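Working notes, beginning with the structure itself.
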Amino acid sequence: MMQATPIMKRPESLAQKEFTYCPGCLHGVAHRLLAEILDELKIREKTLMVAPVGCSVFGYQFFNVDGTVAPHGRATAVATGMKRALPDNIVVTYQGDGDLAAIGTAETVHTANRGENITTIFINNAIYGMTGGQMAPTTLLGMKTTTSPYGRSSKTEGFPIHVCEVLQSLPGVAYLERVCLFTPKDVMNAKKAMKKAFQAQIAGLGYSLVEIISTCPTNWGLSAIESVEWAKKEMIREFPLKKFVDRVGDRS
Amino acid sequence: MSERLMMKGTEAMAEAAIRAGCRLYFGYPITPQSELPEYMSRRMPQVDGVFLQAESEVAAVNMVYGAACTGHRVMTSTSSPGYSLMQEGISYIAGAELPGVFINVVRGGPGLGDIQPAQSDYFQATKGGGHGDYHVIVLAPSTVQEAVEHMLLAFDLADQYRTPSMIIADGLLGQMMEPVELPESRGLNSLPDHSSWAMQGAKGRESHKVTSFDIDPYELEKMNHRYQKTYQRIRENEIRYEEYRMEDAEYTIVAYGTTARICKSVVNSARESGIKIGLIRPITLWPFPYEVIHTAAKKTGFVMTVEMSVGQMWEDVRLAVEGHAATPFFGRTAGVVPTPTEILDAFHKERKVK
């Protein structure tokens, strides 16, 4: 008799819990990729996860790993404390654009600059989702939000901040790449980048960050498909996909 | 083996922390306590510990939070403006029921204030400081030797009750040198085991979640009731104070920290001229020794509070007295240290009113 072999199953690292995200949100895809990578690298049992304040504030509940929630913006400082206490464990922060690039800018820059041996998954969808669609540090020029109702103007709100471009000059950074999740190919590329980021940490090379360009159908006021089409065009024009730093190379 | 040395307050506390088994220090320089991180930066590498100078007090307190999540002994130290910056993190540490140890070497305020000794952070230390219904155990040493002993106690209490604890010192105690007897080092293997709840990796067990968070108000209320039970146990077991020449006292002075030392001189010189003053020195500012002050109020009918502030602990003293005594106050603030003479003068003025 033929033995049935499953070709797809829930990763062990993903908890049996319903996501709290809106329909069409890409957090779910990013979560699944993260869980698959923790399984594949066999690091689930020593991973410590730091969730942010924002839509993924519940993130620590969706993984079968030890987890906490940091104060808004402080995820990499919390992760630093964990990693210094337990250097042999794997520490990951999962943060949105407001958390990482507005209120947490100082922590982000200095954690990267110290070459703190942790990994950050950074979701950039150019808006504050959890609080109801306010302007983010990465909101595009002209983009309307509940706190930029006339469209973001560089004169009064400044310009969208490019996190990878800011961090790439810091020698403490071991892996830095911007990816997206809009097509199956994009998803495969994103997974490859995220995996390399963890490999950088496992090898003790320094700080690793993968920026994932994402969407927010709810607060962008678009359908799931429209939001992806809009992001492909407008978000990628502002935030071009690129591998900025790769000190992992082919050692994996 | 314990040893006797001449040490500055800040450095003595740092060494005591290491001997208490603390191997993780995160901090940011600020006067008048920068000798403490400086000392840690020298000593921690010698004991395979971690010293990290953070980019801010905000980052430092969150590094403390992260390290505390792993169940390891961890601390930071700062002075007033820096302690203000740490309040958010301390609220999270209290809410997540984590042990973490803080030192605030208080200086004159508000705002940038100055760098001289003060006690004007009493409210912040004892009444919360950050958001939410929480408390921090507050220890107030009055000598360098006591600061050393409090350092060990702060770690033990934080571990025992899984709550933040702090030493509130003033710039004088931080900066002065006194002979101290240092304790023997605690073996790291003898420290409390927190593996039942700490984040150390979900190997062969369910994952541990360490947070101050629940979106369901009924669940969060249950968490709050749990915190309050802990605070009640602390109130029942951990109140500490010193009574100085209270046996036959006809007047009571209440003072803590450096001010209490000055008030001991006041008590002694008043007694030389036949006026029987006694001193109650709260050692834990939270939990506060209400009962002993209440008893003294009934007995002496006069309870004068002396502080290096405009009257913060004074509010707790009046709560303790509950109208059973006159409750005058004398204080100097903004970094001014009161002299025994001016305290005695103030006492005589108030005594006439009694």
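The values are calculated or read from the model by the stated rules, or taken from the named source; none is laboratory data. The model shown is predicted, which means the values in this text are computed figures rather than measured ones. Ideal geometry is used to build each Cβ from the backbone, glycine not excepted, and the neighbour counts take in all protein chains shown.
The table that follows gives values for the structure above.
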item: Filtered residue count, segment B:137-167, keeping only those that are in a loop (DSSP other than H, G, I, E, B) and among the hydrophobic types (A, V, I, L, M, F, W, C); result: 1
item: Residue within segment A:23-30 that is away from chain B (no Cβ under 13 Å) and free of Cβ contacts under 8 Å to residues at least 24 places away in the same chain present; result: yes
item: Listing of helices (runs of 4 or more DSSP H) fully contained in segment A:128-202 that carry 2 or more residues being free of Cβ contacts under 8 Å to residues at least 40 places away in the same chain; result: A:154-157, A:184-202
item: Enumeration of residues in segment A:55-70 that are closer than 24 Å to B:Leu98 by Cα and either surrounded by 24 or more Cβ atoms within 10 Å (Cβ to Cβ) or of a type in the set (A, V, I, L, M) (or both); result: A:Ser56, A:Val57, A:Gly59, A:Tyr60, A:Phe62, A:Phe63, A:Val65, A:Asp66, A:Gly67, A:Thr68, A:Val69, A:Ala70
item: Filter result for A:Phe19 (touching a strand residue (DSSP E or B) at 6+ places or on another chain (Cβ under 8 Å), aromatic (Phe, Trp, Tyr) and either more than 8 Å from chain B (Cβ to nearest Cβ) or closer than 23 Å to B:Ser195 by Cα (or both)); result: no
item: Residue in segment B:192-205 that is in a loop (DSSP other than H, G, I, E, B), touching a strand residue (DSSP E or B) at 6+ places or on another chain (Cβ under 9 Å), away from chain A (no Cβ under 14 Å) and acidic (Asp, Glu) present; result: no
item: Residues of segment A:31-40 classified as surrounded by fewer than 22 Cβ atoms within 10 Å (Cβ to Cβ) and either within 14 Å of chain B (Cβ to nearest Cβ) or on the phi > 0 side of the Ramachandran plot (or both), total; result: 2
item: Residues of segment A:211-235 satisfying the condition of being touching a Ser or Thr at 6+ places or on another chain (Cβ under 6 Å) and not in a helix (DSSP H, G or I); result: A:Thr215
item: Conditions (1) part of a helix (DSSP H, G or I); (2) among the hydrophobic types (A, V, I, L, M, F, W, C); (3) touching a Lys or Arg at 6+ places or on another chain (Cβ under 9 Å); (4) touching a residue at least 24 places away in the same chain (Cβ under 8 Å): number failed by B:Ile262; result: (3)
item: Odd one out for A:Val50 among (1) among the hydrophobic types (A, V, I, L, M, F, W, C); (2) assigned to a helix (DSSP H, G or I); (3) in contact with a helix residue (DSSP H, G or I) (Cβ under 6 Å, 6 or more places away or on another chain); (4) within 13 Å of chain B (Cβ to nearest Cβ); result: (2)
item: Which listed residue is under 25 Å from B:His72 (Cβ atoms), at pLDDT 95 or above and of a type in the set (A, V, I, L, M), from B:Leu157, B:Leu220; result: B:Leu157
item: Criterion: in a loop (DSSP other than H, G, I, E, B) and at the interface with chain B (Cβ under 10 Å from one of its Cβ atoms) - qualifying residue of A:Glu116, A:Glu45, A:Glu107; result: A:Glu116
